[in-house]
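Asker: The structure is given below, and queries will be raised subsequently.
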Amino acid sequence: MMQKIASLLSLLLIASACQKNATAEKDLIKKADWLIGNWENKTNLGTLSENWEKVNDSTFKAKSLFIKDKDTIHNESIILQQKGETLTYTTTIQGQNDDKPIRFQLKEDVENELIFENLKNDYPQKISYKKTANNSLITQISGTQFAKPSSEKYTLVKTK
């Protein structure tokens with residue numbers, strides 16, 4: 001009888017640990033929910049836009065474009081995906097890296113900020129998104145380029 005109770009207790013412990021784990025897993029991508037929508041930065045150089053949508057509970061996807069006049073200067077596809085307890089930011093930029101995807105892992109997740117890192121990538125090694133007031137976000141790419149620290153920062157405003 002005691003053995004049956006011990007077995008039952010260990011099964012319950014395993015089941016609750018698995019449940020907590022599944023909840024924790026889903027929570028990670030939920031922290032990026034604020035990315036969903038259309039974001040834009042218009043300057044006299046052109047328009048930078050990122051359009052984020054939710055594919056399912058573990059995957060978001062985005063299209064990032066920089067358009068000058070009617071020419072697309074930058075065309076990037078992004079997939080934000082959670083597998084287990086890892087959140088991966090995968091970017092594919094037309095005309096770069098032989099059109100092959102580059103993966104960045106979530107390094108830090110502070111409130112309203114996501115910081116992804118891939119130290120093996122030539123440039124950038126870091127990509128961050130920070131939610132700011134007034135329906136806007138700041139995205140920054142940074143790292144070492146030509147043996148010097150380099151970074152580019154863009155403020156995007158939510159259009160819908």
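Asker: Just to verify a result, which residue in segment 113-138, among those that are among the β-branched types (Val, Ile, Thr) and touching a Ser or Thr at 6+ places or on another chain (Cβ under 7 Å), is surrounded by the most Cβ atoms within 10 Å (Cβ to Cβ)?
Answerer: The extreme case among them is 115.
Asker: Hey, another quick one. Among the residues of segment 69-84, what is the count of those that are in a strand (DSSP E or B) and among the charged types (D, E, K, R)?
Answerer: 3
Asker: Does segment 114-131 hold any residues that are assigned to a strand (DSSP E or B), within 22 Å of residue 40 (Cα to Cα) and either without any contact (Cβ under 8 Å) to a residue 12 or more places away in the chain or over 10 Å from the mean Cα position of the chain (by Cα) (or both), and which are they?
Answerer: 126, 130, 131, listed by residue number.
Asker: Scan segment 41-62 for residues that are in contact (Cβ under 8 Å) with a residue 12 or more places away in the chain and under 17 Å from residue 155 (Cα atoms) and report the count.
Answerer: Residues that pass the stated criteria total 10.
Asker: Inspect segment 101-124 for any residue being of a type in the set (Val, Ile, Thr) and within 19 Å of residue 37 (Cβ to Cβ) and give the result as yes or no.
Answerer: No; the residues of segment 101-124 include none that is of a type in the set (Val, Ile, Thr) and within 19 Å of residue 37 (Cβ to Cβ).
Asker: So is residue 142 surrounded by 13 or more Cβ atoms within 10 Å (Cβ to Cβ), small (Gly, Ala, Ser) and under 18 Å from residue 49 (Cα atoms) or not?
Answerer: Taking the combined requirement at face value, the residue does not satisfy it.
Asker: Enumerate the pairs (first residue in segment 75-101 and over 20 Å from residue 129 (Cβ atoms); second residue anywhere and at pLDDT below 90) with beta-carbon separation below 7 Å, excluding pairs fewer than 6 apart on the same chain, so at least 6 apart or on different chains.
Answerer: From segment 75-101, the pairs are 84/25.
The values are calculated or read from the model by the stated rules, or taken from the named source; none is laboratory data. From a predicted model like this one, the values you see are computed outputs, not experimental measurements. Note that each Cβ is placed from the backbone with ideal geometry, even for glycine, and that neighbours are counted across all protein chains shown.
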